[in-house]
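Below is one structure; the comments refer to it alone.
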Amino acid sequence: MLDVLIAVVVLGCFGWTATTLVKSRRSFKQAFWAAIITELLHCLASYTMLSYLIVYLAKDLGFGEVRGNAMYGTMLFMGYFLPILIGAIADRYGFRQTMTVSLVVITSGYFLASRMTSYPGMFAALMVIALGGAVMKPVIAGTVKAASSEETRTLGFSIYYTVINVGSFIGPFLANTVRLKTGNAAMIFVACCAVEACAFVVTVLLFKNLPVQESAKAKSFVTVINEMVVVLCNLRLFITGLGLAACYVAAKRAWMPGDQVLIAGGIWLGLNLLLDIPLRRLERERGSAPQRLQPQRFGDWKLLLFILIFSGVWALYSQIWTNIPLYIISLNPAMQERIEYFQAVDPIMIVLFQVLIGKWMGRYRPLPSMVVGILISAVAVGTVNLFGWNFGAWAVSLSLLIWSVGEMMFSPRSVEYVSVIAPKDKLALYIGYGFLPYAIGFGFGPSVGVHLVKFFRDASHPDWVWYAFALWAALIALALWGYDKIVTLHSKSTGPSSEGA
């Protein structure tokens, strides 16, 4: 009966989406529809893999929760961080060529993942998948924008957002069907490989390059990187950060003893701070200095602070794909047979109610709307154990339903807010940085979450971790509320640059 109900909902979503696409087919160029079909197939493959990946890594391959979450988080971090760095590739070499190469890379990654059982081998395969997906993201979004007119752009991105969620809804059911019918979880990667191969065929047969500005072609990769870095900090601070990041990696990989890493990091930071003293004096005397001789300083503090705060939201969201499935299986091991179904709750709610909630929240400013959405998400994670322990593992889906309501309030408005605070001549650059919280949150969230789980489990209070997650969300909401007050006061004292934020 459950399978029949699911099939009806899936067909209903397909029918609703297909009707929307048919009505809009003449409003866009062929390249738009090729990109939309490719995105639908790509998202279907991605969420087919992701819906069971943490269980496959932690249990089926025996990597354990800690190492499995670390691998999962690293893949997501690379998938969302790399588009910020390599978004200029499509402009320089052509959308069609870039998308074709990315699909070859992704398909190869899925094939490799289906064959790998060792930790290094699976890690390498997932990084290949992340690299291919990172190249594709800016190509699809850029095509949607370039192939739409001013009148149809909103509709174009609505269709784009819809097919993402349709793919993320159907993916878990495809993964479950493949896994149970074949009796081999690795066949999920083979299915993903086949879906991405279909996307490759669509790209080769239907996709045509769109004209791009010559200035974009002429802009060097180094220039693009420099423009991006300056938004957050200057070159000196960036180099200091790279050094500290290297110390962190050395500690995580055990290349150096922990005390030596701390000493090396302290010396590196101290030397850079000391170097700032004469550089600040030189800057005051000359009025300006070359980038390499400027003292360390941050860029747009509003954007930087927003990125840091909102990264916590997506770190919390990552628990839905990592630690919540593992928790559900711990409550009832039989749930592993249908664990992918839980991942469909969030996307189907978005497909059904995002437009309605979006219209309703449009009456209010972005930041207060996001604060309320995050508080609703705090209720969601805080009730995971309450529902699961008292009503059974299946009841955790109620917490996921509550989460989806909060997500529909804060997720779209976060992009809107970034566009509000962006200077007019750097709009695309700032929107690109809007993906950075995803990268940071998804990159560190799974590992932080699993260590919290382990901490409370060792303390003999494993259920308390869900209250800790709720407190986590509440603190983010409080930080965002305080940020709103600071930005509002700053905009009143400096002018209306952040009006409407």
Taking the full set of protein chains and a 1.4 angstrom probe, give the accessible area of Val448 in square angstrom, rounded to the nearest 10.
70 Å²
Label-point gap, in nm, between Ser330 and Glu283 - each point 7 angstrom along Cα→Cβ:
4.8 nm
Can you give the FRET efficiency for Tyr161 and Lys59, using 1/(1 + (r/R0)^6), R0 = 25 Å, r = Cβ-Cβ distance, to the nearest 0.05?
0.15
Using a simple spin-label model with points 7 Å from Cα along the Cα→Cβ vector, what separation in nm is obtained for Val372 and Ser108?
4.9 nm
Positive-end residue, region 326-470 charge dipole about Cα centroid, Cβ charges, pick of Met409, Phe442, Val465:
Met409
Full extension from Asp463 to Phe353: what is 0.36 nm times the residue separation minus their Cα-Cα distance, to one decimal in nm?
36.5 nm
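Quick check: net charge around Met409, other residues with Cβ under 14 Å of its Cβ, Lys/Arg +1 and Asp/Glu -1? Please report the intermediate quantities before stating the final value.
Details: positive: Lys359, Arg363, Arg365, Arg413; negative: Asp346, Glu407, Glu416.
Its environment carries a net charge of +1.
The values are calculated or read from the model by the stated rules, or taken from the named source; none is laboratory data. What you are looking at is a predicted structure, and each value in this text was computed from that prediction instead of being measured. Because the Cβ atoms are built from the backbone with ideal geometry, glycine has one as well, and the counts that use them run over all protein chains shown. Please note that ligands, DNA and RNA were not included when accessible areas were found on the heavy atoms of the full protein model with its side chains. Shrake-Rupley method; radii C 1.70, N 1.55, O 1.52, S 1.80 Å.
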